[in-house]
1. Per DSSP helix of 4 or more residues, -39500 (n - 2.57); summed, then divided by the residues of the chain. What does that give at 222 nm, rounded to the nearest 500?
2. Might you report the magnitude of the Cβ-based charge dipole of the chain about its Cα centre, with Lys and Arg at +1 and Asp and Glu at -1, to the nearest 20 debye?
3. Are there DSSP H segments in the chain that both extend 20 Å or more along their axis (alpha-carbon positions) and score a mean Kyte-Doolittle hydropathy of at least 1.0? List them, or say none.
4. Given (1) 17.0; (2) 15.6; (3) 17.8, which label gives mean projected area of the Cα convex hull in nm² as computed from the coordinates?
5. Among 65, 11, 187, flag the residue with its Cα farthest along the positive direction of the charge dipole of the chain, charges on Cβ as +1 for Lys/Arg and -1 for Asp/Glu.
6. Most mobile of 120, 273, 18 per a Gaussian network model of the chain (Cα springs, under 10 Å)?
7. Ranked from highest to lowest mean number of other Cβ atoms within 10 Å per residue, what is the order of the peptides 187-194, 54-61?
8. About its Cα centre, how strong a charge dipole does the range 1-120 have in debye, to the nearest 20, once Lys and Arg get +1 and Asp and Glu get -1 at the Cβ?
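All of the numbers you see were taken from the coordinates with simple rules; none came from a lab. All of these numbers come straight from a predicted model, not from anything done at the bench. Neighbour counts run over all protein chains shown; Cβ positions are idealised from the backbone, glycine included.
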Amino acid sequence: MDTQQTRQGVGFALGAYFIWGIAPAYFKLVKQVPATEIMTHRVIWSALFMLLLITLSRSWPGVRSVLRQPKKVLLLAITALTIGGNWLLFIWAVNNQHMLEASLGYFINPLINVVFGMLFLRERFRRLQWLAVLLATVGVLVQLWQFGSLPVIALGLALSFAVYGLMRKKIQVDAQSGMLIETLWLFPLAAIYLFGFADSATSHLSANPLSLNLKLIAAGIVTTIPLMLFAAACSRLRLSTVGFFQYLGPTLMFVLAVVFYDETITPDKMVTFGFIWLALLVFVCDAVAFSFRSRPRIA
């Protein structure tokens, strides 16, 4: 890939992961709303926001081009369900005092990206990358063996987002068109649930305070912008390289959980975090060393 594409990809990745890192603070603002309802608002307002954005940017020719490829449209239905499940699990975790485990999931995700890159994209594993993945695996197994529990939320978030990133890279659809079609696939399900089945103190928008409704509408922006940045980064960088930048998101999430929301690091989580952080240190050292070895020498 040329230098300009790489620089663009790096910028997109940094923007996406920074927004994702501070996103839990937004969901805490609407924690009185059930997770399923927040999820439906994310879908509905994201779809409407994307329709407006594509109209203003005159990007409809790109959307029509994708719609003329039924296979890609059907694959985007699968990515829509995958990212929808990821959203719902994340919202539930944040608003039920599991933000630390959510951050653990996104610490694990870069290592899963590396494995997926090797298995499905023929990206080569270097020795230190093998070691990093092995350390992460040991961390999860130690928690299972020593404490009799698995970080189910963390693994669910890590795997679902890795599958989403892999599929979006393979589909090769531009960020805006892909995001619009994904949210349109989910839109009917979200609308039917919100207006037909949801029955809570916040499900009737006309009875909500204006401030709450505005926060719920903002879910579209909070959802759409980082996903578009992420999809744009995936189309410009290797999947394993995109994973490298994800440390920013879970680091910010970890700080929010411990410093601002008083979550406690239990012994089982501390063991797993320790192994994951060691694995990421090995992974980063390998990436830095590899980048220096790959630089052309000046005579």
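1. -26000 deg cm²/dmol
2. With only Lys, Arg, Asp and Glu charged at Cβ, the dipole is about 1280 debye.
3. 35-56, 70-95, 99-121, 127-147, 152-171, 175-192, 219-234, 267-294
4. For mean projected area of the Cα convex hull in nm², the calculated option is (3).
5. 65
6. Looking only at 120, 273, 18, the largest GNM fluctuation is found for 120.
7. Going from most to least packed, we get 187-194, 54-61.
8. In total the dipole reaches around 420 debye.
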